[in-house]
Amino acid sequence: MIAHCIRRYFTFFTMTALALVAGCSQESNEPQETATAPAFSATANVTDQALINAPNEAEEWLSYGRDAGETRYSPLNQVNQFNVSELGVAWTYDTGTFRGLEATPLVHNGIMYATASWSIVFAVDARTGEELWRYDPQVDRSMGWKACCDVVNRGVAIYGDKVFAGIIDGRLVALNAATGEVEWSVVTVDQSKPYTITGAPRVADGKVLIGNGGAELGTRGYLTAYDPDSGDEVWRFWVVPGNPADGFENGDVETAAATWAGDWWEVGGGGNPWDSIIYDPELRLVFVGTGNGSPWSHEYRSNGIGDNLYLSSIVALNVDDGSVVWHYQTTPADNYDYTAVQPLMITEILINGLPRKVVMQAPKNGFFYVLDAETGDLMYADPYARVTWATGVDLESGRPIETPQARYDNSISLITPGPSGAHNWHPMSFSPETGLLYLPSMHDAAFRYAIDENWEYEPSGWNLGIGLGTMADRPFREDDRYAEGTGPTYDSPGVLIAWDPVAREPRWTREYDFTINGGTLATAGNLVFQGAADGYLRAFTADLGELVWEVDLGVGIMAAPMTYELDGTQYISVMAGWGGSSGLIGPNSSGAYKPEGRLWTFQLNGNEIVPVEGQPLPALTVIEYNDDPGVLAHGEDMYFTHCMLCHGFGGASGGALADLRYAAPATYDIIQNIVREGAYAGRGMPNLGHLLSEDDVDAVKNWVLSLRAGLME
């Protein structure tokens, strides 16, 4: 059974990539009022020059990664390794949401701008946390299933007098920075298809850039540049080619088509650039990381033929027209969900003793890449985690040296990393003082890949092409394939790595008991800040990795901290709210049940830190259920196939959603209406009537009730 396979062979996070339906929520869909900005609020006026000068303007945090290269390094040092233990609360802001918080707040002219789940945007006084305005885009909650990994958002962009935000249903909105009123809104995707937006927009040479997600569900990814004043499209970069019979949009797409085979356009192709976008104003290049193939299986996607450009690639685009200047493909013919959308970083390091501007990335596939930013020439590629799909990367050709089991068939290939990757979207930082890059890494169990011989494309469904049944129905056998692998191994599933990109090795590491941990911030105070799944925000010395401060915030942290200065006071801020894919299906490491997400801001000699408290679990009452073993087995199977991603292992979510075992008796009375008729669609629970029969739902109910009974024993 699928459930048995999950429990035996997958870590909870790896399995998030395999769930078939997503999007459940218990939040209200009531409209949010827009607050009137107080008289002291300053007018935004962020120019191209201000964005270029960001590295030298320590007081503000103007863009997602602070500077154009997204190094997430701050020159502020009022808070340093010697006094960081004196940090206390300056203020907090309750987001009013219980889903994942992944945003990095921006600060300009004394105002902080950030996003919460369901793409809600808000502005607060950066001195006090007082809300100035709040914008709710009124996303149809029933569409949450399109988001593979929770209804999250990673932040906004500021340019001119506007704040730009991507909305999970595919819109890009421009808001008045002073009032939060909509200046313009444009739909960037075909909303009849399962596209989403979770990433932060970026600004490049007077253009607003946004990508999209949805590769698992069979979409064709692209990056679009918009005019910030009107919302008009300026250019679009298609990651993968469409149907040749329809003609190619440009020469780059036609070039890419030569690396594909079969009828790939009928199954989407994928490649969605859902996160990393950076811009170098000197080179006038936009760098974008692209996503995985759709379906995952190269055999089904392209008849096992060709590299499939521009999947899983770092692509440099001409900022004027979006044309490809150079590209580097980290995983040719992607077969594993090895996206290259993980954070890109531009900085200068020594190569053979000489300074060189480079692009650096630690994508899912486990190798750390350093490329010349101007030419795309590969400098280095080294494993930062255990890797079994390749023994290394040939620096001459730039291609990975694949192991025999990398091209899996109907025999199981045990491959590391799995689909969750050795590093995902969680931002990394770089300190020019230490020369180290601070990388939040994951080291999950190996994943069992095998082709599903019975796979057929399902529009708007999860289209992976890998065989869950093959993996679940039998033990390993002689024709299953393994490899010893290369790269470092760790005893813990989560690791903070201080990576030396010149020496090409870790300088120090700190291990966690939890796979998923937050992004990092490096400062001139010789500090690295990182939040973790256990709810603690920690500070380490940047040079040696010594723990010098930690505080329990009461709720898991995924987002990266940031810092700014106002009136001579340095502040440290972080969004704390558990969710994302791991927060929906796995245990809440902080221990709280449905804790509210909160924006925390700290300063030296601040107030006492009082952790967020979760809600009390409801009292249990006896509910009779059918304990027939066949019914319970079927219910378990249906649950893990269709419900697990939102509602967690064993009916218990990671804290972001309600624990089904504790549902009220009245909820079970109307479960058919909820699951098969969409009674809770306004709360984010999709209508699954096309997937589950009445008997299926009844079996799931009985299985969950059996778990409930177990809690009462």
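The sole residue among V208, V186, V240 that is aliphatic (A, V, I, L, M), assigned to a strand (DSSP E or B), in contact with a Gly (Cβ under 6 Å, 6 or more places away or on another chain) and at pLDDT 95 or above is V186.
If you filter the range 151-183 down to residues that are in a strand (DSSP E or B) and in contact (Cβ under 8 Å) with a residue 60 or more places away in the chain, you find that the one that is surrounded by the fewest Cβ atoms within 10 Å (Cβ to Cβ) is G160.
Take the conditions (1) modelled with pLDDT of 95 or more; (2) in contact with a Leu (Cβ under 6 Å, 6 or more places away or on another chain); G366 misses just one of them, which is (2).
All conditions in (1) part of a strand (DSSP E or B); (2) aliphatic (A, V, I, L, M); (3) surrounded by fewer than 18 Cβ atoms within 10 Å (Cβ to Cβ) hold for L395, with the sole exception of (1). Does any residue of the range 491-498 turn out to be at pLDDT 90 or above and out of contact with any strand residue (DSSP E or B) (no Cβ under 7 Å at 6 or more places or on another chain)? No.
Applying the criterion of being surrounded by 20 or more Cβ atoms within 10 Å (Cβ to Cβ) and farther than 16 Å from M644 by Cβ to the residues of the range 699-713, the residue that is modelled with the lowest pLDDT is R708. Scanning the range 111-150 for residues that are surrounded by fewer than 22 Cβ atoms within 10 Å (Cβ to Cβ) and under 12 Å from A177 (Cα atoms) yields a single hit, R134.
When M471 is tested against (1) at pLDDT below 85; (2) assigned to a loop (DSSP other than H, G, I, E, B); (3) hydrophobic (A, V, I, L, M, F, W, C), just one condition goes unmet, and that condition is (2). For the range 526-548, the set of residues classified as surrounded by fewer than 23 Cβ atoms within 10 Å (Cβ to Cβ), of a type outside the set (A, V, I, L, M) and part of a loop (DSSP other than H, G, I, E, B) consists of N526, D534, D543, G545, E546, listed by residue number.
Grab the strands (runs of 3 or more DSSP E) fully contained in the range 64-119, keeping just those with 2 or more residues being within 26 Å of I210 (Cβ to Cβ).
106-108, 111-115
Within the range 43-61, the residues that satisfy the criterion of being in a loop (DSSP other than H, G, I, E, B) and within 23 Å of L521 (Cα to Cα) are N53, E57, A58, E59, E60. None of G247, G262 is surrounded by 15 or more Cβ atoms within 10 Å (Cβ to Cβ) and at positive phi except G262.
The values are calculated or read from the model by the stated rules, or taken from the named source; none is laboratory data. In this text the structure is predicted, and so the values were computed from the model without any measurement. With ideal geometry, Cβ positions are generated from the backbone for all residues, glycine too; neighbour counts draw on all protein chains shown.
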